[in-house]
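Working notes for the structure below.
The values are calculated or read from the model by the stated rules, or taken from the named source; none is laboratory data. Computed from a prediction, not measured in an experiment: that's the story for all the values here. Here Cβ is always computed from backbone atoms with ideal geometry, including for glycine, and neighbour counts include all displayed protein chains.
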4 protein chains.
Amino acid sequence: MPQVIVVYESNYGHTERAAAVVAEGAEQVSGVSVRCRAVGQVTKDDVLDSNALLLGTPVHMGSVHWGIKRFIDEVLSGLWSQDLMVGRVGGVFATGGGLGGAGGGCELAMLSMLSVMAELGMVLVPLPKNSEGFARGGLHWGAYVRCATSAQAQTDIPDHCLPLLREHGANVARVAALSASRPTRSAFDRTTTHTFTRRST
Amino acid sequence: MPQVIVVYESNYGHTERAAAVVAEGAEQVSGVSVRCRAVGQVTKDDVLDSNALLLGTPVHMGSVHWGIKRFIDEVLSGLWSQDLMVGRVGGVFATGGGLGGAGGGCELAMLSMLSVMAELGMVLVPLPKNSEGFARGGLHWGAYVRCATSAQAQTDIPDHCLPLLREHGANVARVAALSASRPTRSAFDRTTTHTFTRRST
Amino acid sequence: MPQVIVVYESNYGHTERAAAVVAEGAEQVSGVSVRCRAVGQVTKDDVLDSNALLLGTPVHMGSVHWGIKRFIDEVLSGLWSQDLMVGRVGGVFATGGGLGGAGGGCELAMLSMLSVMAELGMVLVPLPKNSEGFARGGLHWGAYVRCATSAQAQTDIPDHCLPLLREHGANVARVAALSASRPTRSAFDRTTTHTFTRRST
Amino acid sequence: MPQVIVVYESNYGHTERAAAVVAEGAEQVSGVSVRCRAVGQVTKDDVLDSNALLLGTPVHMGSVHWGIKRFIDEVLSGLWSQDLMVGRVGGVFATGGGLGGAGGGCELAMLSMLSVMAELGMVLVPLPKNSEGFARGGLHWGAYVRCATSAQAQTDIPDHCLPLLREHGANVARVAALSASRPTRSAFDRTTTHTFTRRST
């Protein structure tokens, strides 16, 4: 049974709420089991038990919250060194004030989380523009939710972003389900799908 | 039958040679059919007939060759506007002089190709560090081949990079094979795997 | 007398118009001379005669227009190989539909132009958030102008973006003016400002 | 008198040593005063007293050490909200194992620090390729030092990287010196260099 874990850091509760909606979307893919956890409560084993990881952060100064970075350095790096996440599935989401109307640095913030997932050897799931609500709240790298007015007053997650967050969670769960039946948990299962013979060096 | 297309631009033949090796790796995944084409010969239909796209470029001034960018603007953008590549599979590779020993801008060059694939809604396949030869010729975003000495004299593709290129082609083909049997060609097949009901907006 | 060149590619005239406003801002810095040119008309010597370069593009599929990339590969790369732009001043701007409300890939598009400028050894001028109009039309890497409604209908450059474009042009011109009196045209003038003695290797 | 502060996080002492060499380079620019501090000891006022900031990190999982990110979130963000660093000067450096021969993610790690500096409105100083030692240890975004063999055994900072680190520190100090005499400490001094009049909105 495919397992999805949604991990988030939150300042004012926006990313926590976004994580819950992402998790809700993942749960609606049949046969998938989902957990949703604040970053400080997540152990190496929690990640290791999962076929897919969804990571969410507030955008701080054009990058992730430092709590996400500590999780990467202290928890995920151990899985990296042993190649334990190779071929599993990853996706990212973020919330932020988005000062300036062009995302306020959310693109590089999302890329810094996807970069870690690429280092882990994980298959990356972006956010297609035909997802419901994309025109008002999306970015191709993942779901981005702006929780502020143009005058930077904080707002809740706008309703029009909810379908987008759900869809993103569901897409990640779908890709996880594709490969989850394999003994290796990896989309790159080298034992069963090819007849590759190395011929040089 | 899963179809993979390898598309490249080349200056001195290095990226062309790399593309051939990537294609060779993809071919060795059982049941996969592979084409390898110079960027100027690739039509919209060629891409549309494929379950996976591998895109390769020389690194020029920290970014892709302009021929790759023209292909993106003139061929891929039409597929983007109609959402025709959503849920298909993508991967990238690059060659370069790598002046400075830190990749010479290959990371952002690869990201600019992955960015297009993310805009297309494609699932992205990185390069796991446990791939053979990674320690001497890899980057997590895809296969990178340095074709120069530290004095910037051009060299052929080093032998130790061949397994890496093959493995990358094979990984992309494996992920393509996972979802290729579906009628939609998409890893996000929304018709069969979930019971998602939108409840808001 | 400090020379600034504004170079742009344009599809529908938006980036051309933005370039004119950026140039207008640069001109208002006292003592600065400014040219504004479409990318296809710019030679190596035009760039070489300038203390500062402002480069502007429409955002296409999360990256620059291919015409900008061709200019980089065919014109700027020659200046790179001879280190002729080291210590000069650069800045970037972009226009786009901005689908999704988070910039639609403008951040990586701007970075791919700044990357080239960094390769050239140029000092990079970002866009401070205390610039007039930033809250509605800015990104920290440079001026970004969204020329579309949320339904993706094309619009002209919004009036609220004009001060931002001018300010960005002016900032780049100001930094260019700081170092323009030097014989080397470089902000890193190694002949006059330090007593550095290499002591190793 | 221009003030430069070098701020670093370090795991095994490599980045600390690199910071000392960067600081040494900055000191050799005449008239410049330099401090070098571990990230945990740096206050808001330390940064505010400086005309230039050099930030250095080990590369962890394709991004900065979490201690650097905490410094950004807890110290620099306060300066951002009040626009106190606008027009000052910034540069970055990094050390790492560089697994794979293509920098191991150092490019995005450096960009995440430059992104913060751009958000602060700082002028960014890259590393020109005609710097001594660049061919063996440079990246255009800043100085990168590989402290490992291709088999990932740790090494000290190679001697051939020392001139590069010094040159980078010196370049940042030179640009800081250009504008340090101004009352605003900003390279964008809006009070003295232009006759800009806003004419719209």
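Within the range A:7-22, which residues are within 12 Å of A:Arg37 (Cα to Cα) and among the hydroxyl-bearing types (Ser, Thr, Tyr)?
Within the range A:7-22, A:Tyr8, A:Ser10, A:Thr15 qualify.
Would you mind finding the one in A:Val92, A:Val59, A:Val34 that is within 14 Å of chain B (Cβ to nearest Cβ), over 18 Å from D:Val59 (Cα atoms) and in contact with a Gly (Cβ under 6 Å, 6 or more places away or on another chain)?
Answer to the check: A:Val92.
Residues B:Ser63, B:Ser112, B:Ser77: which one is free of Cβ contacts under 8 Å to residues at least 12 places away in the same chain and not aliphatic (A, V, I, L, M)?
It is B:Ser77.
Looking only at the range D:136-184, how many residues end up being buried (at least 20 other Cβ atoms within 10 Å of the Cβ), of a type in the set (Gly, Ala, Ser) and either free of Cβ contacts under 8 Å to residues at least 24 places away in the same chain or farther than 20 Å from D:Ser33 by Cα (or both)?
So the count comes out to 4.
Given the options C:Leu55, C:Leu76, C:Leu108, C:Leu114, name the one that is within 23 Å of B:Gly98 (Cα to Cα) and within 12 Å of the chain's Cα centre (by Cα). Show your work before the answer.
Numbers: C:Leu55 fails: within 23 Å of B:Gly98 (Cα to Cα); C:Leu76 fails: within 12 Å of the chain's Cα centre (by Cα); C:Leu108 fails: within 12 Å of the chain's Cα centre (by Cα).
Unique residue meeting the criteria: C:Leu114.
Considering only the range C:85-97, I want to know if a residue exists there that is free of Cβ contacts under 8 Å to residues at least 24 places away in the same chain, in a loop (DSSP other than H, G, I, E, B) and not hydroxyl-bearing (Ser, Thr, Tyr). Before the answer, list the steps.
Of all residues in the range C:85-97, those free of Cβ contacts under 8 Å to residues at least 24 places away in the same chain come to none.
Among the residues of the range C:85-97, not one is free of Cβ contacts under 8 Å to residues at least 24 places away in the same chain, in a loop (DSSP other than H, G, I, E, B) and not hydroxyl-bearing (Ser, Thr, Tyr), which makes the answer no.
Residue under question is C:Gly67, and the condition is that it be modelled with pLDDT of 95 or more and either in contact with a helix residue (DSSP H, G or I) (Cβ under 9 Å, 6 or more places away or on another chain) or more than 10 Å from chain D (Cβ to nearest Cβ) (or both); does it hold?
It is true that C:Gly67 is modelled with pLDDT of 95 or more and either in contact with a helix residue (DSSP H, G or I) (Cβ under 9 Å, 6 or more places away or on another chain) or more than 10 Å from chain D (Cβ to nearest Cβ) (or both).
Out of everything in the range B:190-201 that is surrounded by fewer than 17 Cβ atoms within 10 Å (Cβ to Cβ) and facing chain A (nearest Cβ under 7 Å), what residue ends up being modelled with the lowest pLDDT?
By that ranking, first place goes to B:Thr201.
Please pick out the residue among B:Ala38, B:Ala19, B:Ala102 that is touching a Lys or Arg at 6+ places or on another chain (Cβ under 9 Å), of a type in the set (A, V, I, L, M) and over 22 Å from C:Ser77 (Cα atoms).
B:Ala19
Of a type in the set (Gly, Ala, Ser), more than 17 Å from B:Leu108 (Cα to Cα) and surrounded by fewer than 24 Cβ atoms within 10 Å (Cβ to Cβ): is that true of D:Gly97 in this structure? Outline the logic, then answer.
Details: of a type in the set (Gly, Ala, Ser): yes; more than 17 Å from B:Leu108 (Cα to Cα): yes; surrounded by fewer than 24 Cβ atoms within 10 Å (Cβ to Cβ): yes.
Yes, satisfied.
Got a number for residues in the range C:41-95 being on the phi > 0 side of the Ramachandran plot and not hydrophobic (A, V, I, L, M, F, W, C)?
Looking only at the range C:41-95, we keep the residues that are on the phi > 0 side of the Ramachandran plot, and these are C:61-62, C:83, C:87.
Remaining after also requiring not hydrophobic (A, V, I, L, M, F, W, C): C:62, C:83, C:87.
Total satisfying the criteria: 3.
Can you pull out the residues in the range C:1-28 that are farther than 13 Å from C:Leu165 by Cα, hydrophobic (A, V, I, L, M, F, W, C) and modelled with pLDDT of 95 or more?
C:Val4, C:Ile5, C:Val7
Is there a residue being closer than 20 Å to A:Gly104 by Cβ, crowded, with 22+ Cβ neighbours inside 10 Å and not β-branched (Val, Ile, Thr) anywhere in the range D:52-69?
yes
Every residue, every condition in (1) more than 26 Å from D:Arg190 (Cβ to Cβ); (2) of a type in the set (Ser, Thr, Tyr), yes or no:
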site: C:Ala102; (1), (2): yes, no
site: C:Leu108; (1), (2): yes, no
site: C:Ser112; (1), (2): yes, yes
site: C:Met117; (1), (2): no, no
site: C:Pro128; (1), (2): no, no
site: C:Val145; (1), (2): no, no
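Here are some conditions: (1) buried (at least 24 other Cβ atoms within 10 Å of the Cβ); (2) aromatic (Phe, Trp, Tyr); (3) within 12 Å of chain D (Cβ to nearest Cβ). C:Trp80 meets all but one. Which one does it not meet?
C:Trp80 satisfies all of (1) buried (at least 24 other Cβ atoms within 10 Å of the Cβ); (2) aromatic (Phe, Trp, Tyr); (3) within 12 Å of chain D (Cβ to nearest Cβ) except (1).
Can you pull out every residue in the range A:24-51 that is crowded, with 24+ Cβ neighbours inside 10 Å and in contact with a His (Cβ under 8 Å, 6 or more places away or on another chain)?
Matches in the range A:24-51: A:Gly25, A:Val29.
Which residues, taken from the range B:134-183, are modelled with pLDDT of 85 or more, of a type in the set (Ser, Thr, Tyr) and out of contact with any strand residue (DSSP E or B) (no Cβ under 7 Å at 6 or more places or on another chain)?
Result: no residue meets the conditions.
Looking at (1) in contact (Cβ under 8 Å) with a residue 40 or more places away in the chain; (2) of a type in the set (D, E, K, R); (3) over 15 Å from A:Phe93 (Cβ atoms), find the lone condition where A:Glu9 falls short.
A:Glu9 satisfies every listed condition except (3).
Within the range D:106-115, restricting attention to residues that are closer than 19 Å to B:Ala94 by Cβ and in contact with a helix residue (DSSP H, G or I) (Cβ under 6 Å, 6 or more places away or on another chain), which residue is surrounded by the fewest Cβ atoms within 10 Å (Cβ to Cβ)?
My answer is D:Leu108.
Which helices (runs of 4 or more DSSP H) sit wholly inside the range B:99-181 and have at least 1 residues that are facing chain A (nearest Cβ under 9 Å) and under 22 Å from B:Val29 (Cβ atoms)? Walk me through it before giving the result.
Values: elements: B:106-119, B:134-137, B:162-179.
So the answer is B:106-119, B:162-179.
For the range C:96-143, what are the residues that are among the aliphatic types (A, V, I, L, M), closer than 25 Å to A:Pro126 by Cα and in contact with a Ser or Thr (Cβ under 8 Å, 6 or more places away or on another chain)?
C:Leu108, C:Ala109, C:Met113
Inspect all residues belonging to the range A:25-32 and state whether any of them is of a type in the set (A, V, I, L, M), under 29 Å from B:Asn130 (Cβ atoms) and without any contact (Cβ under 8 Å) to a residue 60 or more places away in the chain.
No, that holds for no residue.
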